[in-house]
Amino acid sequence: MRKYEQLAADIVKLVGGKENIISLAHCITRLRFKLKDEGKAQTDALKAHDGVVTVIQSGGQYQVVIGNAVGDVYDEILASQGVSGVAGGGAEEDDAAKKDMSLLDRFIDLISSVFQPVLGVLAAAGMIKGLLALLNAVDITDPQGGTAAMLNVVGDAFFYFLPVMLAYTSGKKFKMNPFAAMTVGAALVYPSLAQLMGGEPLYTMFAGTPFESPVHTEFLGIPVLLMNYASSVIPAVVAVYFGAKVEHFFARVIPTVVKGFLVPFCTLLVVIPLTLMVVGPVAVWAGKLVGAAAMAIYNLSPVLSGLFIGAFWQVFVMFGLHWGLVPVMLNNITVYGYDPLVVTYFGASFAQIGVVLAILLRTKDQSLRSLSIPAFISGIFGVTEPAIYGVTLPRKKYFAISCIGAAIGGAVIAFFDVRLYVFGGIGIFGYPCFIDPATGNLAGMYNGMIASAVSFIAGFVMTFPIYHDEKKEEPTLAVTTTDEETKSVQREILVAPVAGKVVPLENVPDEAFAAGILGKGIAIEPSEGRVVAPADATVTTLFPTGHAIGLITDKGAEILIHIGMDTVKLEGKYFKAHVNQGDKVKKGQLLIEFEPEKIKEAGYPVVTPVLVTNTASYLDVVPTEAGSIQEKENLITVVA
């Protein structure tokens with residue numbers, strides 16, 4: 001079995017199956033599903049699954065946070081599960097899904113669908129352009145030489161033909177033939193148009209207004225307002241939206257027998273001239289208005305703008321709302337040659353790792369230390385999900401501190417008028433993107449470094465003096481039977497589902513379990529191959545492989561029992577379930593039988609975590625201090 005095949009299969013099943021998926025895309029750390037019915041997804045089971053960090057539902061998307069392996073998991077889902085990437089499902093399904101979405105959700109969905117697929121290559125091309133600007137600025141390369149020219153081709157080709165790329169993703173989104181859509185985008189950057197613009201204009205339209213435009217040619221006697229669409233953002237998206245409507249019209253009225261060639265023939269014949277004469281110029285003017293509005297907000301108070309965007313950027317990212325700002329950034333770069341507004345987010349990742357480093361140096365919790373080290377390292381390069389979800393967000397105060405540090409960094413960026421000249425790398429890879437490629441001035445890069453250092457130091461300094469590990473105090477429990485005393489503190493005792501040696505959770509050889517991300521509890525090294533119910537409960541999740549089971553007790557505690565590490569790869573071998581999902585079970589009832597020795601011979605640890613996955617709903621979760629335990633002996637006390 002391939003490495004992520006089982007994880008891919010489980011994720012698809014737990015989001016409601018292939019038939020519940022409209023589309024799937026991914027970003028740096030998340031699978032982003034669009035589902036027909038999010039109610040069919042088993043969110044708790046997904047959150048508890050090996051390989052899944054957490055689940056977020058926002059912006060009309062069902063986001064499954066995977067981490068650095070997200071690209072591999074995405075590829076596996078596409079390869080083995082029959083799911084379409086980027087834009088699966090038909091138009092009818094998409095329209096049905098939109099009925100329950102707010103206008104904001106629809107806007108975020110539209111923007112993310114169009115820009116998300118190109119974001120990786122967009123960032124890579126931007127990093128190359130930033131690197132070239134740095135090499136030219138420090139005289140390593142000659143700006144007029146062959147090396148610089150070749151690197152410029154490598155970095156600039158994507159940006160020059162960006163309308164073609166966005167036309168493709170827009171075609172997928174708006175259900176237009178993607179090759180017809182790309183032809184519309186290609187028409188916007190067709191070389192002959194640029195040549196026409198270099199000659200003397202025939203006359204000028206809208207003279208004396210902000211929309212003044214020279215006319216260099218006509219089409220059927222109608223003036224064509226030629227624009228420079230290279231690297232533009234809005235015109236291609238709007239043109240393809242219009243093109244999709246035209247294509248759908250011709251698809252309805254043209255006989256099926258000749259649709260294959262007559263639909264694109266009629267579509268292109270109508271759409272491209274109208275795009276060049278009307279849609280494109282209007283979109284360019286709209287882009288200039290968006291840019292002017294963004295600059296007006298920035299100019300009103302640059303520092304306050306930086307404070308606001310810096311403070312809330314991480315929150316925007318968590319809920320997918322940052323997609324509304326990405327086009328503004330790209331549009332500013334197209335219209336003005338740089339973006340001074342959205343770039344104020346840049347300090348956020350550095351503030352986050354400043355907080356994480358302070359926690360790393362202060363904590364005595366080995367599981368937290370083991371989680372903080374990789375989170376800090378990935379955060380240096382701008383990937384902060386491990387830091388946010390694993391370290392700071394569960395400790396809410398420190399996430400708030402990271403937002404304050406990011407706000408300070410945003411204000412510094414605005415104060416120094418740091419400008420983003422090309423959208424490229426994140427984290428430390430982003431510094432060269434602040435170099436003005438026209439002048440080679442390095443001041444923007446140095447000021448960006450200062451701003452990120454300020455964010456980092458602010459996060460660190462605010463965290464280091466106040467951080468302390470949470471004390472696990474033994475709760476005072478009511479031991480009398482009077483109603484007045486038992487009302488104050490209630491408890492539920494969970495018995496051991498497995499007999500064996502008790503293992504502290506932080507010693508489990510799996511980061512997610514050891515760090516307590518999935519909930520507090522204890523682990524057991526089994527001496528017998530039996531799992532029994534820890535309380536009267538209902539079986540909420542039973543994995544087909546039999547290696548894990550989820551229950552909710554009659555008193556509301558949500559329990560996950562996970563037999564061994566990576567045993568999902570055994571595909572059910574050596575496991576036998578004695579209950580079904582949805583069954584009501586009694587305390588001590590046999591749930592699963594397994595063969596621990598054969599599992600170990602196959603190369604898998606059998607240490608079995610027993611977790612309370614809704615830990616946040618309780619005052620405390622107190623595991624036994626015994627070194628070994630038998631079935632049905634008291635294992636965990638849950639205090640409400």
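The values are calculated or read from the model by the stated rules, or taken from the named source; none is laboratory data. All values derive from a computational prediction rather than experimental measurement. Note that each Cβ is placed from the backbone with ideal geometry, even for glycine, and that neighbours are counted across all protein chains shown. Ligands, DNA and RNA are stripped out before the accessible areas are found, and what is left, the full protein with its side chains, is counted by its heavy atoms. Shrake-Rupley method; radii C 1.70, N 1.55, O 1.52, S 1.80 Å.
Out of curiosity, is G582 at positive phi and either open to solvent by less than 30 Å² (accessible area, probe 1.4 Å) or part of a strand (DSSP E or B) (or both)?
no
Assess whether L132 counts as being over 20 Å from P327 (Cα atoms), open to solvent by less than 70 Å² (accessible area, probe 1.4 Å) and touching a residue at least 12 places away in the same chain (Cβ under 8 Å).
Numbers: over 20 Å from P327 (Cα atoms): yes; open to solvent by less than 70 Å² (accessible area, probe 1.4 Å): yes; touching a residue at least 12 places away in the same chain (Cβ under 8 Å): yes.
Taking the combined requirement at face value, the residue satisfies it.
Take segment 530-554 and flag every residue that is over 22 Å from A8 (Cβ atoms) and open to solvent by less than 20 Å² (accessible area, probe 1.4 Å).
V531, V532, A533, P534, A535, A537, V539, L551, T553
Hey, among the residues in segment 16-44 that are at pLDDT 85 or above, in contact with a helix residue (DSSP H, G or I) (Cβ under 7 Å, 6 or more places away or on another chain) and not in a strand (DSSP E or B), which one's farthest from T541 (Cα to Cα)?
By that ranking, first place goes to K36.
Would you confirm whether any residue within segment 200-207 is of a type in the set (D, E, K, R) and within 31 Å of the chain's Cα centre (by Cα)? Talk me through it step by step, then tell me what you get.
Within segment 200-207, the subset of a type in the set (D, E, K, R) is 200.
Within this subset, residues satisfying the condition of being within 31 Å of the chain's Cα centre (by Cα) are none.
Checking segment 200-207: not a single residue is of a type in the set (D, E, K, R) and within 31 Å of the chain's Cα centre (by Cα).
Is it the case that some residue within segment 241-258 is within 13 Å of V184 (Cβ to Cβ), open to solvent by 40 Å² or more (accessible area, probe 1.4 Å), in a helix (DSSP H, G or I) and of a type in the set (A, V, I, L, M, F, W, C)? Steps first, answer last, please.
Of all residues in segment 241-258, those within 13 Å of V184 (Cβ to Cβ) come to 241-247.
Among the residues that remain, those that are also open to solvent by 40 Å² or more (accessible area, probe 1.4 Å) are: 241-242, 245.
Applying the additional criterion that residues be in a helix (DSSP H, G or I) yields 241-242, 245.
Narrowing the set further to residues that are of a type in the set (A, V, I, L, M, F, W, C) leaves 242.
Within segment 241-258, one or more residues are within 13 Å of V184 (Cβ to Cβ), open to solvent by 40 Å² or more (accessible area, probe 1.4 Å), in a helix (DSSP H, G or I) and of a type in the set (A, V, I, L, M, F, W, C).
Out of all the residues in segment 267-283, is one or more in contact with a Pro (Cβ under 6 Å, 6 or more places away or on another chain), open to solvent by less than 50 Å² (accessible area, probe 1.4 Å) and closer than 27 Å to S213 by Cβ? Don't jump to the end; show me each part of the working.
Filtering segment 267-283 down to residues in contact with a Pro (Cβ under 6 Å, 6 or more places away or on another chain) leaves 280, 283.
From what's left, open to solvent by less than 50 Å² (accessible area, probe 1.4 Å): 280, 283.
Then drop every residue that is not closer than 27 Å to S213 by Cβ, which leaves 280, 283.
Looking through segment 267-283, at least one residue is in contact with a Pro (Cβ under 6 Å, 6 or more places away or on another chain), open to solvent by less than 50 Å² (accessible area, probe 1.4 Å) and closer than 27 Å to S213 by Cβ.
Table: residues versus (1) free of Cβ contacts under 8 Å to residues at least 60 places away in the same chain; (2) open to solvent by 50 Å² or more (accessible area, probe 1.4 Å).
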{"position": "Y431", "(1), (2)": "no, no"}
{"position": "P437", "(1), (2)": "no, yes"}
{"position": "G444", "(1), (2)": "yes, no"}
{"position": "N447", "(1), (2)": "yes, no"}
{"position": "A458", "(1), (2)": "no, no"}
{"position": "P465", "(1), (2)": "yes, yes"}
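Would you pick out the residues in segment 393-420 that are outside any helix (DSSP H, G or I) and of a type in the set (V, I, T)?
So in segment 393-420, the residues outside any helix (DSSP H, G or I) come out as 393-395, 416-420.
Residue satisfying the conditions is V418 alone.
Taking segment 589-640, which residues are small (G, A, S) and not in a strand (DSSP E or B)? Steps first, please.
Applying the first criterion (small (G, A, S)) to segment 589-640 yields 602-603, 616-617, 626-628, 640.
Passing the criteria: A602, G603, A616, S617, A626, G627, A640.
For segment 45-79, which positions are under 19 Å from A514 (Cα atoms) and either part of a loop (DSSP other than H, G, I, E, B) or open to solvent by 20 Å² or more (accessible area, probe 1.4 Å) (or both)?
K47, A48, H49, D50, G51, V52, V53, T54, I66, G67, N68
Does at least one position in segment 324-344 carry a residue that is over 30 Å from A438 (Cβ atoms), among the hydrophobic types (A, V, I, L, M, F, W, C) and open to solvent by 40 Å² or more (accessible area, probe 1.4 Å)? Let's see the steps before the verdict.
Step one: list which residues in segment 324-344 are over 30 Å from A438 (Cβ atoms), which gives none.
Taking every residue of segment 324-344 in turn, none turns out to be over 30 Å from A438 (Cβ atoms), among the hydrophobic types (A, V, I, L, M, F, W, C) and open to solvent by 40 Å² or more (accessible area, probe 1.4 Å).
Is it fair to say K36 is in contact (Cβ under 8 Å) with a residue 60 or more places away in the chain and either over 18 Å from V317 (Cα atoms) or surrounded by fewer than 18 Cβ atoms within 10 Å (Cβ to Cβ) (or both)? Can you show your working first?
On the way: in contact (Cβ under 8 Å) with a residue 60 or more places away in the chain: yes; either over 18 Å from V317 (Cα atoms) or surrounded by fewer than 18 Cβ atoms within 10 Å (Cβ to Cβ) (or both): yes.
It is true that K36 is in contact (Cβ under 8 Å) with a residue 60 or more places away in the chain and either over 18 Å from V317 (Cα atoms) or surrounded by fewer than 18 Cβ atoms within 10 Å (Cβ to Cβ) (or both).
Looking at I140, I128 in this structure, which one is of a type outside the set (S, T, Y), more than 30 Å from K36 (Cα to Cα), assigned to a helix (DSSP H, G or I) and at pLDDT 85 or above? Explain how you work it out, then say what you get.
Working: I140 fails: assigned to a helix (DSSP H, G or I).
Just a single option satisfies the conditions, and that option is I128.
Kindly indicate whether G390 is within 21 Å of V52 (Cα to Cα) and assigned to a helix (DSSP H, G or I). Let's see the steps before the verdict.
Numbers: within 21 Å of V52 (Cα to Cα): yes; assigned to a helix (DSSP H, G or I): yes.
Judged against the criteria, G390 is a match.
Could you tell me which residue of segment 188-199 is surrounded by the most Cβ atoms within 10 Å (Cβ to Cβ), considering only residues that are assigned to a loop (DSSP other than H, G, I, E, B) and touching a residue at least 12 places away in the same chain (Cβ under 8 Å)? Please lay out each step first, then the result.
At the first step, the residues of segment 188-199 found to be assigned to a loop (DSSP other than H, G, I, E, B) are 189-190, 198-199.
Keeping just the survivors that are touching a residue at least 12 places away in the same chain (Cβ under 8 Å) gives 189, 199.
Values: V189: 19, G199: 10.
Top of the filtered list is V189.
Give the residues of segment 389-423 that are at pLDDT below 85 and surrounded by fewer than 24 Cβ atoms within 10 Å (Cβ to Cβ), sorted by residue number.
Residues satisfying the conditions are Y389, G390, L393, P394, R395, K396.
Anything in segment 421-450 that is assigned to a helix (DSSP H, G or I) and more than 22 Å from the chain's Cα centre (by Cα)? List them, or say none. Working first, answer last.
Start the filter on segment 421-450 by keeping residues that are assigned to a helix (DSSP H, G or I), which leaves 427-434, 443-450.
Correct list: Y431, P432, C433, F434, A443, G444, M445, Y446, N447, G448, M449, I450.
If we scan segment 282-293, do we find a residue that is of a type in the set (A, V, I, L, M), over 16 Å from N331 (Cα atoms) and either without any contact (Cβ under 8 Å) to a residue 12 or more places away in the chain or not in a loop (DSSP other than H, G, I, E, B) (or both)? Talk me through it step by step, then tell me what you get.
As a first pass, look at segment 282-293 and keep what is of a type in the set (A, V, I, L, M): 282-284, 286, 289-290, 292-293.
Subset that is over 16 Å from N331 (Cα atoms): none.
So far as segment 282-293 goes, no, none of its residues is of a type in the set (A, V, I, L, M), over 16 Å from N331 (Cα atoms) and either without any contact (Cβ under 8 Å) to a residue 12 or more places away in the chain or not in a loop (DSSP other than H, G, I, E, B) (or both).
In the set G424, G379, which member is free of Cβ contacts under 8 Å to residues at least 60 places away in the same chain and on the phi < 0 side of the Ramachandran plot? Reasoning before the result, please.
Values: G424 fails: free of Cβ contacts under 8 Å to residues at least 60 places away in the same chain.
On inspection, the qualifying residue turns out to be G379.
When the residues of segment 591-617 are narrowed to those that are closer than 17 Å to T553 by Cβ and open to solvent by 40 Å² or more (accessible area, probe 1.4 Å), which ends up modelled with the highest pLDDT?
The selected residue is T613.
Please go through segment 7-21 and pick out each residue that is touching an Asp or Glu at 6+ places or on another chain (Cβ under 7 Å) and either more than 13 Å from L78 (Cα to Cα) or open to solvent by 10 Å² or more (accessible area, probe 1.4 Å) (or both).
Within segment 7-21, the subset touching an Asp or Glu at 6+ places or on another chain (Cβ under 7 Å) is 8, 16, 20.
G16, N20, listed by residue number.
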